[in-house]
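So the structure is just underneath, and the comments pick up after that.
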Amino acid sequence: MKKQFTRYAITAFCICILTIAGKAQTCDPISTERLREILGQLGYTVKDINKTAGSEKYEVTNTTPTLDVPVAYELSASKNFVWLTVFLGQPRADSSVMNAALLKQNFKIQPCQFYITAKGSLMMGLAIENRGLNNAILRKHSDKIIADVVSTAALWQK
């Protein structure tokens with residue numbers, strides 16, 4: 001009986017210590033201010049592209065051995081996603097066989113994707129769920145989109 005009580009006491013003590021000492025990761029969405037703060041904490045030089053309240057957008061240029069990759073970061077209108085986007089220039093003509101190659105490449109680079117905006121710009125994008133986002137997760141996704149831009153350059157560069 002004494003042994004069982006001791007086990008319960010030790011378990012309760014450990015739970016109390018873990019509750020006091022450790023902080024559980026929050027799954028709350030981050031704000032645009034927090035997004036900018038995380039980018040700075042990651043060591044990036046952050047450029048403000050849009051400072052309009054509710055439409056804030058930031059840019060970080062990443063230098064690789066072959067390309068400089070400017071990645072834009074912004075919250076979706078619903079605030080449910082953080083979008084990472086890279087402008088890749090103007091797309092090829094609608095009749096180009098390279099467009100089919102880009103679509104096929106989407107399968108290989110997912111969750112990143114190539115797309116063309118309403119204004120006709122070729123982009124690569126990656127949407128991250130805005131829940132439980134922290135420095136490590138944002139770095140992982142940033143590295144992913146940068147690597148995908150570099151690895152597909154032969155398809156989108158003219």
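The values are calculated or read from the model by the stated rules, or taken from the named source; none is laboratory data. In this text the structure is predicted, and so the values were computed from the model without any measurement. So basically every Cβ, Gly included, is an ideal-geometry build from the backbone, and we count neighbours across all protein chains shown. Accessible surface is based on the protein model in full, side chains and every heavy atom, while ligands, DNA and RNA are left aside. Shrake-Rupley method; radii C 1.70, N 1.55, O 1.52, S 1.80 Å.
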Practice problem: Sequence neighbours fewer than 8 away in the same chain don't count; with that in mind, list the aspartates and glutamates whose C-alpha is under 17 Å from K57. | Solution: E33, E37, D48, E74, E129
Quiz item: Among K47/K119; K51/K144; K47/K140; K79/K104; K51/K104, which pairs are too far apart, with a Cα-Cα distance over 28 Å?
Solution: K79/K104; K51/K104
Exercise. Determine which aspartates and glutamates satisfy two conditions relative to K158: a Cα distance under 18 Å, and not lying fewer than 8 residues away in the same chain.
Key: D68, D94, D148
Practice problem: If a/c stays under 1.5 just call it rounded; otherwise compare a/b with b/c (prolate if a/b is bigger, oblate if not). Do that for the stretch 40-94, with a ≥ b ≥ c from the square roots of the Cα gyration tensor eigenvalues. | Solution: oblate
Self-check item: Separation between Cα centres of the stretch 28-97 and the stretch 124-158, rounded to whole Å
Solution: 10
Exercise. Can you send over the solvent-accessible area of Y44, 1.4 Å probe, protein chains only, in Å² to the nearest 10?
Key: 30
Quiz item: How high is the relative contact order of the stretch 69-158, in percent, with contacts defined as C-alpha pairs under 8 Å that are six or more residues apart?
Solution: 33
Quiz item: Is the shape of the stretch 61-158 best called rounded, prolate or oblate, per the rule: a/c under 1.5 gives rounded, else a/b larger than b/c gives prolate, else oblate, with a ≥ b ≥ c the square roots of the Cα gyration tensor eigenvalues?
Solution: prolate
Practice problem: Quick one: which residues, 5 or more positions from N62 or on another chain, have an amide H under 5 Å from its amide H? H modelled 1.01 Å from N in the peptide plane, none for Pro or chain starts. | Solution: V69, V71
Quiz prompt | Long-range amide H partners of N130 with built H, under 5 Å | solution = F81, V82
Exercise. Would you mind working out the magnitude of the charge dipole of the stretch 22-158 relative to its Cα centre, with +1 at each Lys and Arg C-beta and -1 at each Asp and Glu C-beta, to the nearest 20 Debye?
Key: 180
Quiz item: What FRET efficiency would be calculated for the residue pair C27, D143, taking the C-beta separation as r and a Förster radius of 22 Å, to the nearest 0.05?
Solution: 0.45
Quiz item: Which value in nm describes the separation of the simple spin-label points at E129 and F87, placed 7 Å from the Cα toward the beta carbon?
Solution: 3.2
